[in-house]
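Chemist: The structure follows.
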Amino acid sequence: FALAPTAEASVSDALDGHPVLEFDFYRAMPSVGINKWTIQNFDLADLAGMTKYVHTEVVAEHIIGTAERKERKYGIDALARMRFSVKNTARVVAPKGDIMTLVDFGPFVTFDRGIASNKDTLRFMQEFGGFVGAQQQRDSRWTYDEAYFWFSVTGWCPNLPYNKVPMTRQEAEHIISKRTQLCSELRGSAACRKHLDSCVFEDGSCIARDPTPECLNHTSASGQVGHVVGGLCPGGDGSLIQPLGELGCTYSYGKADEVSLDEVAGILDEDCGGRKCMSWLDFRRNCSNQEYRQRFHPIKSTVEEFKYCVEYDINPLCEANCSAPACQALPASQKEIGLPFWRGRCDEQANRARTERVGASFGVARAKQEHNLSPKDLDEQDSSATCVYQQPGTCTPSPGQGGNYCTRHWSGVCMNCFVPGTQRAWLATQMQYCPYDILSSSDYKDLFPYPKCASSRPRDLCCLYTGGCNTKERDLEQVPLDEDGFALVASWSNSSLMAGFLGRIAEDRQLILDEGRLSDFAYAQWGWSPRKGAGLEKTIKEAIDMGLAVPFTTTSSTTTVTETNATLVTGPPFDSYSRSLVLIAVLVSGAVICIFASVAGFVLFRRLRAHAGSQSSGPRAHTDSGKPTSGAVSARSVAFAGQPDIEAPDPTDMPSQEVVETPTPVTVLPRLGLMGRKNSERSPSLEDQIRKERVSKEAIASSSNRSSHASPNSNEEVLPTARVGKPEGSMWSRRRPERSDSEVATDPVQGSHSHISRNSRSSSSCSSSSGSSSSRSSS
């Protein structure tokens, strides 16, 4: 018995036909296995494919299993990236072959713990040997707007799980070599039977016994005998040697780069009792945020309390299909729970941003700057390695139509795409839109005629590829503010220019944009190819729904902006200077209005207060010196002789009744003490006492015929010379006409109309320092 022959072709032979290509493959796995496990009989992925796998298969709480587990599914706590060198055999990638996939690969093989679970793929291995497979992924559970892939690498004993493989390929080769040497020297069956553990006598010869009979063998269709040894080149485990593209050597890989999944997901930033969480298990048991201690009920689809902290969970209504009507009907707050990093599984832009963040964690800086997930050192290969091996073929465009082109823009894989908006529409619309520069790539420039566009409008996209648009402005200020302008600016693949265009749109449509979030939003509006379904109106609606754009609201006197943290942001001509002028104008207008309102209120208060005093106080009072007081004398400073502690009530606080105005002298006494008493508590005979005192004073005045003033302790005579009014020489010195009885103020508490409102009385009491200080001092 012998293993299948190991490839011995020269490097020059390997360069014939398909070239050796390099790719970055990723795998989510336990950190303990990185750079320790041999990468064979494995499934791998590109960056987006790995992110999707973890999101849909590893972290969703109610899907995973037992609540008492102490690790994620399969113990995954790390993400690994490895550079692979790939060259499949000529039979595998033959353009007219049975299994060629995506130009450079064989079919994808699903491995479950090391065993190929699909019997058809085992048959392919028996016929074609070990190969590297690939498959474009689509998943209704995880929406994404670009192509992404899974890969598989075939190894030794692909028909057995890892723990059932009796020995490694190298161990088996070593044993067979020794047994072959021993058995070939034995003559006759008797001699051969003495070494039954190593040899077997068949067809008159003593041959080496197979140490691994349970491993997969080649079939006659392969033209080979012996076991399927896989595709990992000898010495290619952790060393990036060049594969030969022959049986037993179709790939190699270098050392892995590692990133902590706990760190990427934000677990290490969460609080665990006054300290940062140290691991997934620490977070699960000790997180401080009680909002994480909940999950979705798998049947009821409702949120329920949970004793452990949950990294992520998705509503069962969205679990199988993000487009399901029941899922679409849910508000965003009811679709998911858990860490912010994982939220948005049904949002293609959120998934793209999440994937770019993972890429950035591996050092792919342009992942968050250029929407490019491939490292820069692979650009030359991706631009020079051809995808067109046959005409017509998989990547040969159909005359006059938008397809069938191929590009290596997505992860270095030859991926079919089409140019939209052609006269003869391409029917396979599930394909990706091609990158804008597809017609200038080495595979198509000057080799195939351009597709024929249905129109020259940028919004129809085709002319953006051919350069035949009727709008060709390169000056942002001249770009039309419509769907054509949006499509044109998006094709420039520049976030700053897109932000400027959105600023012009905001100015034109009277919107306020959140300056702090505008850059990220503008970045999400473009790509290396047009975004399917994108457009200006959809973008504006999305911005408003996100709260990124807020409409202006106006009134007759000033412009009012909804209260928000947003600031005015527009494109180039609405610069910072213009924004400053607008803000100054708004502030000055507000200040003028406040000043005007204050002055008007003060004037109204003085008029009403003086008006009330003129109806209750009578003639102007004089002080002991015989000079008029500086302020009006109100009814609150009028009292009876012999009653210095009782203050006359304010007529506006009295029950509704007619107040008789008389020129008879009254007495000025200290303030009364009725300020805080209710109307119902006032003496009902107070008015009679006032009248009685006035009659008494009249008699005294007429009999004595004196004009001198009394001492401070006696009744003070008030000259009936002028009506009580405003202080002379002031802005209030203008006289008002006398009021009729029908104009006398009444108490609003009793339901009668009044010329003095409650607010006026309240304001006057609060303004005692300016309006009543004179009367207080005289009293």
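Chemist: Accessible area per residue for the range 66-187 in Å², computed with a 1.4 Å probe and the full protein assembly in place, what is it?
Modeler: Ligands and nucleic acids excluded, the figure is 44 Å² per residue.
Chemist: Oh, and also: How many Å² of accessible area per residue for the range 222-277, probe 1.4 Å?
Modeler: Value for the range 222-277: 38 Å² per residue.
Chemist: Moving on. Hey, what do the phi angles of the range 136-152 turn into as Karplus ³J(HN,Hα) couplings, whole Hz, using 6.51/-1.76/1.60 and θ = phi - 60°, x for Gly and Pro?
Modeler: Rounded to whole hertz, the list is 6, 9, 9, 8, 5, 7, 8, 7, 8, 9, 9, 6, 9, 9, 10, 10, 9.
Chemist: Give me the extension gain from Phe602 to Arg275: residue separation times 0.36 nm, minus the current Cα-Cα distance, reported in nm with one decimal.
Modeler: Additional length available on full extension: 111.8 nm.
Chemist: Ok, one more. So how do 241-249, 501-509 stack up, highest first, on mean other-Cβ count within 10 Å? Can you show the working numbers first?
Modeler: Numbers: 241-249: 22.6, 501-509: 20.7.
Final packing ranking: 241-249, 501-509.
Chemist: Please give the length that would be gained between Tyr162 and Ser456 if that part of the chain were fully extended, namely 0.36 nm times their separation in residues minus their C-alpha to C-alpha distance (nm, one decimal). Before the final figure, lay out each step's value.
Modeler: On the way: separation 294, 0.36 × 294 = 105.84 nm, distance 5.87 nm.
Result for the pair: 100.0 nm of gain on full extension.
Chemist: Could you please put Arg209, Arg366, Arg179 in sequence from largest to smallest accessible area, using a 1.4 Å probe?
Modeler: Arg209, Arg179, Arg366
Chemist: Another question, then. Apply the Karplus curve 6.51 cos²θ - 1.76 cosθ + 1.60, θ = phi - 60°, to the phi angles in the range 112-123 and return the couplings in whole Hz, x for Gly and Pro.
Modeler: Taking θ as phi minus 60°, the curve returns 10, 6, x, 10, 6, 7, 9, 5, 5, 5, 5, 5 Hz for the range 112-123.
Chemist: Probe of 1.4 angstrom, ligands and nucleic acids ignored: what's the accessible area per residue over the range 364-459, in square angstrom?
Modeler: Values: 4570 Å² over 96 residues.
Value for the range 364-459: 48 Å² per residue.
Chemist: Treat each spin label as a single point 7 Å out from the Cα along the C-beta direction, and report the Glu57 to Gln328 distance in nm.
Modeler: Roughly 2.9 nm, to one decimal.
Chemist: Of all the accessible heavy-atom surface of the range 149-252, with the other protein chains kept in place and a 1.4 Å probe, what percent is carbon and sulfur? Let's see the in-between values first.
Modeler: Numbers: 2560 of 4970 Å².
Answer for the range 149-252: carbon and sulfur cover 52 percent of the accessible area.
Chemist: Counting only protein heavy atoms and a 1.4 Å probe, tell me what percentage of the range 422-536's accessible area is made up of carbon and sulfur.
Modeler: Of the solvent-accessible surface of the range 422-536, carbon and sulfur hold 46 percent.
Chemist: Determine ³J(HN,Hα), in whole Hz, for all residues of the range 246-254 in sequence, where each value follows from phi through the Karplus function 6.51 cos²θ - 1.76 cosθ + 1.60 and θ = phi - 60°; x replaces Gly and Pro.
Modeler: With coefficients 6.51, -1.76 and 1.60, one gets 10, 4, x, 8, 10, 7, 8, 8, x Hz.
Chemist: Same structure again: Cα to Cα, under 21 Å, and not fewer than 8 places away if on the same chain: which lysines meet these conditions relative to Lys541?
Modeler: Lys532
Chemist: Take the Cβ-Cβ distance between Glu71 and Asn289 as r, set R0 to 25 Å, and report the resulting FRET efficiency rounded to the nearest 0.05.
Modeler: 0.75
Chemist: Residues of the range 119-139 with amide nitrogen under 18 Å from the 7 Å Cα-to-Cβ point of Asp98?
Modeler: It comes to 119-134, nothing else.
Chemist: While we're here: Calculate, for Ser442 and His297, the FRET efficiency according to 1/(1 + (r/R0)^6) with r their C-beta to C-beta distance and R0 60 Å; round to the nearest 0.05.
Modeler: 0.60
Chemist: What length, rounded to one decimal in nm, is gained on full extension from Ser220 through to Ser184, with 0.36 nm per residue of separation minus their alpha-carbon distance?
Modeler: Length gained, Ser220 through Ser184: 10.5 nm.
Chemist: Excluding residues on the same chain fewer than 8 positions from Lys307, give the lysines whose Cα lies under 21 Å from its Cα.
Modeler: Straight-distance partners of Lys307: Lys70, Lys73, Lys276, Lys335.
Chemist: Between Ser496 and Lys472, what is the spin-label point distance in nm, taking each point 7 Å from the Cα along the Cα→C-beta axis?
Modeler: According to this spin-label approximation, the distance is 2.5 nm.
Chemist: Let me ask you something else. Amide H of Arg209: which non-local residues (sequence gap of 5 or more, or other chain) have their own amide H closer than 5 Å, using H built in the peptide plane?
Modeler: The list, which skips near neighbours in sequence, is Cys199, Val200.
The values are calculated or read from the model by the stated rules, or taken from the named source; none is laboratory data. Treat the numbers as computed from the prediction; the structure is a model and nothing was measured. In this analysis, Cβ positions are derived from the backbone assuming ideal geometry, glycine residues included, and neighbour counts consider all displayed protein chains. We work out accessible area using only protein heavy atoms, side chains counted, and drop any ligands, DNA or RNA first. Shrake-Rupley method; radii C 1.70, N 1.55, O 1.52, S 1.80 Å.
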